[in-house]
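Chemist: Structure in structure tokens, see below.
The values are calculated or read from the model by the stated rules, or taken from the named source; none is laboratory data. Since the model is a prediction, treat every value here as computed from it, not as a measurement. A quick note on method: Cβ atoms are made from the backbone with ideal geometry, for glycine too, and the neighbour counts reach across all protein chains shown. The area values use the complete protein model at the heavy-atom level, side chains included, leaving out ligands, DNA and RNA. Shrake-Rupley method; radii C 1.70, N 1.55, O 1.52, S 1.80 Å.
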Amino acid sequence: MTDTNRRFLLSKRPEGKPEPDAFELVETDVPEPGPGEVLVRTLYLSVDPYMRGRMRDRESYAEPWAVGDPLRGGVVGEVEASNHGDFEPGDVVVGNLEWADYAAVDGDDLRSVDPDLAPISTALGVLGMPGRTAYFGMLEVAHPRPGDTVVVSGAAGAVGSVAGQIARMGDCRVVGIAGSDEKTSFLTDELGFDGAINYAATDDYRAALDEAAPDGVDVYFDNVGGEITDAVFSRLNVDARVAVCGQIALYNEKSVPTGPRKLGTLIETRARVRGFLVSDFAARFDRATERLGRWVRSGDLRYRETVTEGLENAPEAFIGLFEGENVGKQLVKVGDRSG
Ligand code: NAP
Ligand code: FER
């Protein structure tokens, strides 16, 4: 253990797409854990699209960060010192911690990660918040039925890649939409999607959908919004179900563009559109994580991680989410386990 700690602070509110100058890396002392606290050394940290919302000066489900505040998010780390009965040095834990080398946190806010069950990084991805979002969003909000055509946008990302595979397990025909040929090949060749659309290779999303989903769309799991979603709305079937998970195409917009939207489709199709937050299902997280873990271990659920090395590169990894640089879950590797 060294004596210095590095932490990232929000140095200004980004306008539009975040730039590296919105993040400031400062050096401080390693914190001392107080009563009930645990000193955690970061191994992996998660960068997630929702963090863009916290950088705005606007209340939402996540409280905005103040300029000068530390950035925070999902962290998997190793316990260095503990004043909490549940944890001892060497334990692997997950929690909502600072983007830093070290953090002292209330042990009650940490959960143990069992390194024998799956690689520890999965606690931030397929077996963490994004995996649970896919699980509840698909099974409890979208309600796919066998034989349905299910379209997933943002399909090669952390949430989308899991959501599509869960629909496949339910005997649906699954079409993913993603932004490169590498990603569409990943979906069809590695994850077993029935079809995939590279939206970056066409201007005519509707024609691409007609080809990939000739029977129309029964379920739409939306991670992106914008024009992709307009096109899918125009192809919804009667009694379609839409789960609105995310709208990443709009997160950097200063004002959301309005205009003719395909809501008339909802009248004809009697489709149901429902937004959700993963935290709505918090009471059932343990059971979901257990099932996801079983699917990962049996090989029924595959996952990919894109790992950026070094705490100092966390801003770049975060910004890359808005440029589609990640396949699967985007992580930042900060340290190695001891021993
Ligand atoms: P992710 O999909 O792993 O990463 C973001 C991906 O979005 C990028 O790889 C990129 O892929 C795509 N993207 C970026 N800008 C885009 C644009 N303008 N148009 C279309 N696609 C764009 O991220 P994630 O963590 O899995 O999150 C996915 C979505 O779920 C986000 O909208 C997030 O906010 C939402 N979410 C919601 C909840 C909830 O509780 N409701 C929880 C977690 C996440 P391409 O190369 O394909 O463009
Ligand atoms: C949560 C609810 C929602 C959460 C993240 C989200 C980290 C993400 C929402 C989004 O990306 O739109 O409790 O915990």
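Chemist: For all pairs of alpha-carbon atoms in the range 273-337, what percent lies in each bin of width 10 Å, listed from the first bin to the last filled one?
Modeler: Binned Cα distances yield the sequence 17, 29, 42, 12, 0.
Chemist: If you don't mind, another one. What percent do you get for the relative contact order of the range 228-339 when only Cα pairs under 8 Å and 6+ apart count?
Modeler: Values: 94 pairs, mean separation 25.9, N = 112.
Across the range 228-339, relative contact order equals 23 percent.
Chemist: Further question on the same structure: At 1.4 Å probe size, what's the solvent-accessible area of residue 129? Round to the nearest 10 Å².
Modeler: 70 Å²
Chemist: May I pose another question? Determine ³J(HN,Hα), in whole Hz, for all residues of the range 330-338 in sequence, where each value follows from phi through the Karplus function 6.51 cos²θ - 1.76 cosθ + 1.60 and θ = phi - 60°; x replaces Gly and Pro.
Modeler: Karplus-based 3J(HN,Hα) across the range 330-338 equals 8, 10, 10, 8, 10, x, 10, 5, 7 Hz.
Chemist: Just want the answer: with Cβ charges of +1 for Lys and Arg and -1 for Asp and Glu, which residue in 200, 263, 152 is farthest toward the dipole's positive end in the range 129-279?
Modeler: In the range 129-279, that residue is 263.
Chemist: What number in nm² do you get for the range 129-279 if you take the convex hull of its Cα atoms and divide its surface by four?
Modeler: On the way: hull surface 33.8 nm².
Orientation-averaged projected area of the Cα hull: 8.4 nm².
Chemist: To the nearest 20 debye, what charge dipole does the range 129-279 have about its Cα centre, counting +1 at the Cβ of each Lys and Arg and -1 at the Cβ of each Asp and Glu?
Modeler: Computed charge dipole of the range 129-279: roughly 640 debye.
Chemist: On to the next question. About its Cα centre, what dipole magnitude does the chain give when the only charges are +1 on Lys and Arg Cβ and -1 on Asp and Glu Cβ, stated in debye to the nearest 20? Walk me through the numbers on the way to the answer.
Modeler: Details: 36 positive and 57 negative charges, 267 e Å.
Around 1280 debye, computed over the chain.
Chemist: What ranking do 320-327, 215-222 get when scored by the average of other Cβ atoms within 10 Å per residue, highest first?
Modeler: Values: 320-327: 16.9, 215-222: 23.6.
My ranking of the peptides, most packed first, is 215-222, 320-327.
Chemist: Where does helix 158-169 land angle-wise versus the long Cα axis of the chain, in degrees 0 to 90, nearest 10?
Modeler: 50 degrees
Chemist: Sticking with this one: Might you work out the accessible area of residue 333 for me, using a 1.4 Å probe with all protein chains in place, and round it to the nearest 10 Å²?
Modeler: Its accessible surface works out to 50 Å², give or take rounding.
Chemist: So for the chain, if I pair up every lysine 8 or more residues apart or on another chain, how many of those pairs have alpha-carbons under 21 Å apart? Display every interim value, and only then the final one.
Modeler: Values: 12/254; 17/254; 17/329; 183/329.
Count of close lysine pairs: 4.
Chemist: In deg cm²/dmol and to the nearest 500, what is the mean residue ellipticity at 222 nm of the chain if only DSSP H runs of at least 4 residues count, each as -39500 (n - 2.57), divided by the residue total?
Modeler: -6000 deg cm²/dmol
Chemist: Could you order peptides 147-154, 158-165, 30-37 by the average number of other Cβ atoms within 10 Å of their residues, highest first? Let's see the in-between values first.
Modeler: On the way: 147-154: 26.8, 158-165: 29.8, 30-37: 14.9.
Packing order, densest peptide first, comes out as 158-165, 147-154, 30-37.
Chemist: Another question, if that's okay. Considering the dipole of the range 189-338 built from charges on the beta carbon (Lys and Arg +1, Asp and Glu -1) around the Cα centre, which of 299, 224, 326 is farthest to its positive end?
Modeler: Of 299, 224, 326, it is 299.
Chemist: Moving on to the next point. Under 15 Å from the Cβ of residue 54, count the other residues' Cβ atoms, weight Lys and Arg +1, Asp and Glu -1, and hand me the total.
Modeler: Working: positive: 12, 13, 52, 56, 58, 72; negative: 48, 57, 59, 63, 69, 98.
The answer is 0.
Chemist: In nanometres, what is the gap between the two model label sites at residue 140 and residue 207, each 7 Å from Cα along Cα-to-Cβ?
Modeler: Inter-label distance under the simple model: 4.2 nm.
Chemist: Can you give the log10 of the normalised intensity I(q)/I(0) at q = 0.10 Å⁻¹, computed with Debye over equal Cα scatterers of the chain?
Modeler: -0.60
Chemist: Considering amide H positions built from the backbone, and no H for Pro or chain starts, which residues 5 or more places from residue 275, or on another chain, come under 5 Å of its amide H?
Modeler: Long-range HN contacts for residue 275: 244.
Chemist: Would you work out the relative contact order for the chain, in percent, from Cα pairs under 8 angstrom that are 6 or more residues apart? Working shown, then result.
Modeler: On the way: 748 pairs, mean separation 59.2, N = 339.
So the answer I get is 17 percent.
Chemist: Net charge near residue 117: determine it from the other residues with C-beta under 11 Å of the C-beta of residue 117, scoring Lys and Arg +1 and Asp and Glu -1. Before the final figure, lay out the partial values.
Modeler: Values: positive: 294, 297; negative: 114, 116, 290.
Taking every Cβ under 11 Å from that of residue 117, the sum is -1.
Chemist: Projected area of the range 161-245, taken from the Cα convex hull and averaged over every viewing direction, in nm²?
Modeler: Working: hull surface 20.5 nm².
Averaging across all directions leaves 5.1 nm² for the Cα convex hull.
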